[in-house]
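The values are calculated or read from the model by the stated rules, or taken from the named source; none is laboratory data. Predicted model only: the values in this text are computed from it and were never measured. Quick reminder, even Gly has a Cβ in these numbers, built from the backbone with ideal geometry, and neighbours come from all protein chains shown. When the accessible area is computed, the model is the full protein with side chains, heavy atoms only, and any ligands, DNA or RNA have been set aside. Shrake-Rupley method; radii C 1.70, N 1.55, O 1.52, S 1.80 Å.
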Amino acid sequence: MTVLVGFVPTPEGEAAFTAGLAEARRRQEGLLVLNTPRGGAPVSADVAPPELVRSLTSRAEADGIALELRQTPHTGDLADELLRVADSVNASVIVIGLRRRSPVGKLLMGSSAQRILLDADRPVLAVKPQPTAG
Amino acid sequence: MAPHPDDTAPATTDTPSTLHDLEELAQEVEEEAEHRPPPAGPASNLVIAALVVALGAAAAVGALALGAGTARTPGPGIWPLILGVLLVVLGLGLAATARRTADTEQFSRSSWLVLAGLATMLVFVALIGTIGFEIPSALLAFVWLRFLGGESWRTSALVSIGVVVAFYLVFVAALSVPIPHLF
Amino acid sequence: MDLAPVLDGFAVVLEPTNLLYCLIGVVVGMLVGVLPGLGPAATIAILLPITIGIEPVTAIIMLAGIFYGAQYGGTITSVLLKLPGEASSVVTVFDGYAMARQGRAGTALGIAAIGSFAGGTISIVALSFLAPLVASFALDFGPPEYTALALLGILLVATVSSGSRLKAVVAACVGLLLATVGRDGFTATERFTFGNLNLADGLDFVPIAMGLFGLGEILYNLEQRHNATQAPTKVANVWPSRQDLRQSSGAIGRGSVIGFLLGILPGGGATLSSLAAYAVEKRRSKTPERFGKGAVEGVAGPETANNAAATSSFIPLLTLGIPANATMAVIFGALLVVGVTPGPQLVTEEPELFWGVVNSMYIGNILLLIMSIPLVGLFVKILRVRPAILAPITVLITLIGVYTVNNSVFDIVLVIVFGVLGYLMKKAGFDPGPLLLAFVLGALLEDGLRRSLLIFDGDATGFFTRPISGTLLVVFLLVAVYPFVATLRSRRRQEPAQDTSDPNTKELV
């Protein structure tokens with residue numbers, strides 16, 4: 001069993017990682033951080049740069065948590081990919097960050113978080129960034 | 001099965017200074033940047049060589065029919081005849097080296113994507129004369145985005161409509177290019 | 001040297017329309033050059049239809065702008081992503097990418113822009129003096145000389161093209177064969193038209209270039225989608241420090257000379273010169289161990305050289321009418337489309353056009369320098385666009401663009417046919433470059449050959465008794481035979497030494 005965190009390099013992703021780390025400590029499980037960009041483009045702002053990866057690793061080490069980071073790109077929907085990974089590693093909980101979306105933005109882009117919450121067949125922990133941090 | 005070329009390439013930890021080594025290193029970088037399918041075997045190399053020979057032979061036969069003339073009064077067929085014979089010779093050369101050739105790529109499952117892309121273009125060219133460019137263009141863009149590119153339904157629909165509108169505004173409205181159009 | 005036409009040329013370039021088109025060309029070239037997959041030749045090929053209907057000078061100025069812009073675009077991806085846009089910026093990866101990982105991406109791009117500007121400018125000055133001389137020398141050339149020159153040009157391009165030489169020569173022969181389609185210029189016999197009226201006037205250059213380079217490239221890229229996605233690199237501090245400039249000034253100077261000299265040679269001048277410049281810098285350096293780990297000279301030298309070579313490769317095109325590489329072949333075709341035949345007469349008969357194009361290179365280089373440094377951030381953003389979205393747009397631009405040239409649906413069919421051919425050639429390891437180059441030179445070559453035979457009264461030895469054509473043909477034979485001798489020699493040398501070596505190493509040749 002492992003704790004699965006959907007990570008993007010934003011305050012929301014940061015909050016999800018912090019919550020995931022705490023959850024992994026509490027459950028005494030490993031932590032799997034899924035940082036998967038939409039495949040195809042040579043560059044994506046969703047990929048965590050190497051410095052950030054190092055800082056995440058050292059934070060997990062400091063807490064004595066075994067951290068696995070996956071950065072392979074995905075095709076199709078992010079929600080599907082996260083759920084697929086959750087099934088394949090049999091995650092005990094999925095941790096995601098929620099971001100604020102306007103109704104129009106939600107209509108056009110859809111909401112990955114909503115799909116994960118509705119479709120996941122295991123607990124989902126949804127967190128928001130600290131208002132002071134954002 | 002031949003191993004991947006990278007396996008046999010020398011391990012280059014520091015950059016070399018001779019031009020030859022540099023060329024090899026440059027090729028490695030290029031190969032690394034492009035993830036290509038594995039090389040095809042000698043059989044496909046022989047097929048390619050045979051195609052080259054056949055093309056050369058056909059050209060030579062066609063050239064003889066045109067009339068090669070003589071060296072003093074060269075006819076319309078003399079130049080194609082030379083090229084045809086040269087192609088036959090080169091094709092035989094390809095056949096002779098078929099075993100050592102490693103730059104031919106296998107067709108992979110994703111080669112079907114290319115065939116599908118080709119089909120959309122053929123539909124485009126078949127329809128453009130009768131119903132204008134708008135519908136075929138939207139269709140082509142949609143198929144490429146949704147099925148060849150794996151974009152979402154929403155993105156595919158929005159982009160393909162947007163592209164056709166933009167093309168219409170640029171080619172028909174602004175530049176008045178005489179392209180067949182429906183509206 | 002008479003300066004009046006040179007100054008007139010500047011007047012042509014400084015016309016607002018031409019400046020605008022030069023600017024558009026540089027920006028479009030950079031935009032497309034940044035995108036992996038489409039190199040300069042493909043970019044120019046796809047945009048060929050734009051040149052229809054605008055003034056020849058303006059058209060060429062824009063195409064030349066696209067050419068330099070695309071080259072610099074390739075540099076950006078080499079430095080930031082380790083993805084060289086084309087062969088001539090591959091060496092930039094070694095030190096450029098290392099610099100980017102040390103957080104000095106901006107410096108690498110800045111020094112590359114300054115080097116490109118310096119190399120380009122030095123090369124243009126040299127070109128301005130040398131080109132008229134070459135042209136006046138070539139004015140005496142008759143059909144035998146042109147035959148020999150065209151043969152040598154095609155062979156050299158085939159020799160240095162990427163991939164197998166044998167396959168490159170096959171591609172060139174197919175190109176020459178395609179050039180014979182249509183009515184024969186001497187006897188008006190229809191050749192290889194299969195009764196199709198659309199083929200009676202021969203195959204058009206535009207659909208072939210757009211198909212082989214444009215569509216062929218797009219179809220080929222459809223198959224590869226597993227490129228790793230990287231995090232965006234921060235590009236700050238684009239202006240190099242004074243120390244960086246001091247360190248690379250020697251490399252820029254040497255790179256300019258190497259680039260100019262090698263660029264004149266037919267074949268991959270830009271690629272070869274960037275390799276040579278890197279090797280020279282490393283050899284000369286007191287601290288060669290820094291190379292490959294972010295040495296600023298390792299970016300400055302090759303980037304200067306490839307731009308200098310790109311500029312000087314215009315010399316054979318504009319003065320002899322012989323394109324030196326595939327990109328020049330596309331520009332050659334574009335010139336023919338707008339009604340200009342490049343050759344030795346160009347300098348004297350159309351000085352405005354000649355000097356206009358040459359001088360537009362100064363302006364293009366200045367624009368490139370001005371645009372590249374502040375706009376790097378913007379170009380980096382383009383890398384976030386997914387190729388899956390761009391591909392259908394490029395396809396439609398190609399299909400609709402080729403239609404607008406002659407308003408003919410048959411041209412769309414042709415572009416698709418040649419797109420498939422281009423794809424299959426790349427699959428089978430044939431470089432399409434020599435095919436297009438040979439196609440462009442095909443008519444000249446056949447014409448020269450048949451005229452020469454008439455002049456010599458059927459005696460082919462006449463080619464060797466004329467001094468210039470004889471020399472060129474001897475060089476041709478040397479170039480043709482050398483690879484075999486070299487292979488035999490190296491094989492003989494290697495066999496006793498490493499007979500236990502892996503037999504697979506031969507497959508790399």
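The C:ASP8 and C:ARG284 beta-carbon pair, evaluated with R₀ = 41 Å, returns a calculated FRET efficiency of approximately 0.50. Convex hull volume per residue, computed on the Cα atoms of the stretch C:113-268, equals 210 Å³.
For the stretch B:111-174, the carbon plus sulfur part of the accessible surface works out to 82%, probe radius 1.4 Å. Between C and A, roughly 1200 Å² of accessible area is buried in total, ligands, DNA and RNA not counted and the probe set to 1.4 Å. With viscosity 1.002 mPa s and temperature 20 °C, the Kirkwood radius over alpha carbon pairs of the stretch C:304-386 converts through Stokes-Einstein to a diffusion coefficient of 147 µm²/s.
Taking only the alpha carbons of the stretch C:32-168, we obtain Rg and Dmax values of 18.4, 57 Å in that order.
A dipole drawn for the stretch C:259-311 from +1 and -1 charges on Cβ atoms has a positive end, and of C:ALA270, C:ALA310, C:GLY294 the residue lying farthest that way is C:GLY294.
Farthest towards the positive end of the charge dipole of the stretch C:36-190, among the residues C:ALA118, C:VAL157, C:GLY185, is the Cα of C:ALA118, using unit charges on the Cβ of Lys, Arg, Asp and Glu. Buried accessible area between C and B (1.4 Å probe, both chains summed, ligands and nucleic acids excluded), in Å² to the nearest 100? Buried: approximately 7200 Å² between B and C. Note that the stretch C:207-328 shows a convex hull volume over its alpha carbon atoms of 159 Å³ per residue. For chain C, the Kirkwood hydrodynamic radius comes to 23.5 Å, computed from all pairs of different C-alpha atoms. Placing unit charges on the Cβ atoms of the charged side chains and taking the dipole of the protein assembly as shown about its Cα centre, the candidate lying farthest along the positive direction among C:VAL13, C:TRP355, B:GLY69 is C:VAL13. With the whole protein complex present, C:LEU454 retains an accessible surface near 90 Å², based on a 1.4 Å probe.
Taking the C-alpha atoms only, the angle from helix C:16-34 to the longest principal axis of chain C is near 70 degrees. Interface residues of the stretch A:7-47, defined as a loss of at least 50 Å² in heavy-atom accessible area between the chain alone and the complex of all protein chains with a 1.4 Å probe, are A:ARG38, A:GLY40, A:ALA41, A:PRO42, A:VAL43.
Using a Debye calculation, one point per C-alpha and no hydration shell, please list log10 I(q)/I(0) for the stretch B:111-174 at q = 0.13 Å⁻¹ in order. Values, matching the q order: -0.36. Two numbers describe the Cα atoms of the stretch C:175-248: Rg and Dmax, which are 24.6, 69 Å.
Placing +1 on the Cβ of every Lys and Arg and -1 on the Cβ of every Asp and Glu, with nothing else charged, gives the stretch C:162-226 a dipole about its Cα centre of roughly 260 debye.
Short-range pairs are left out: with C-alpha atoms under 8 Å and at least six residues apart, the relative contact order of the stretch B:111-174 is 29 percent.
Take the convex hull of the alpha carbons in the protein assembly as shown; its mean projected area over all directions comes to 38.8 nm².
Just the number please: accessible area per residue for chain C, 1.4 Å probe, all protein chains included, in Å².
Values: 18890 Å² over 509 residues.
Per residue, chain C has 37 Å² of solvent-accessible surface.
Count Lys and Arg as plus one, Asp and Glu as minus one, and take only other residues whose Cβ is under 12 Å from that of C:LEU197; the net charge is then -1.
Using a cutoff of 8 angstrom between alpha carbon atoms and counting only pairs six or more residues apart, the relative contact order for chain C works out to 28 percent.
Taking the protein heavy atoms of chain C in the context of the full set of protein chains, the accessible area attributed to carbon and sulfur is 64 percent at 1.4 Å.
Here the contact order of the stretch B:42-100, divided by its residue count and restricted to Cα pairs under 8 Å and six or more residues apart, works out to 47 percent.
Using a Debye calculation, one point per C-alpha and no hydration shell, please list log10 I(q)/I(0) for chain A at q = 0.13, 0.14 Å⁻¹ in order. The Cα Debye sum returns log10 ratios of -0.52, -0.60. Around the Cα centre of chain C, unit charges on the Cβ atoms of Lys, Arg, Asp and Glu (plus for the first two, minus for the last two) sum to a dipole of about 2260 debye.
Residue pairs exceeding 32 angstrom between C-alpha atoms, taken from C:LYS293/C:LYS381; C:LYS82/C:LYS426; C:LYS82/C:LYS282; C:LYS293/C:LYS427; A:LYS128/C:LYS293: C:LYS293/C:LYS427; A:LYS128/C:LYS293.
Rounded to the nearest 5, the antiparallel percentage of DSSP beta bridges internal to the protein assembly as shown is 20%. Counting only protein heavy atoms and a 1.4 Å probe, tell me what percentage of the stretch B:42-100's accessible area is made up of carbon and sulfur. After summing per-atom areas, the C and S share lands at 78 percent.
What size of dipole, in debye to the nearest 20, comes out for the protein assembly as shown about its Cα centre when the only charges are +1 on Lys and Arg C-beta atoms and -1 on Asp and Glu C-beta atoms?
1580 debye
With every protein chain in place and a 1.4 angstrom probe, the accessible-area ranking of A:GLU68, A:GLU12, largest first, reads A:GLU68, A:GLU12.
Alpha-carbon geometry of the stretch B:42-100: the Rg and the Dmax are 13.5, 43 Å, given in that order.
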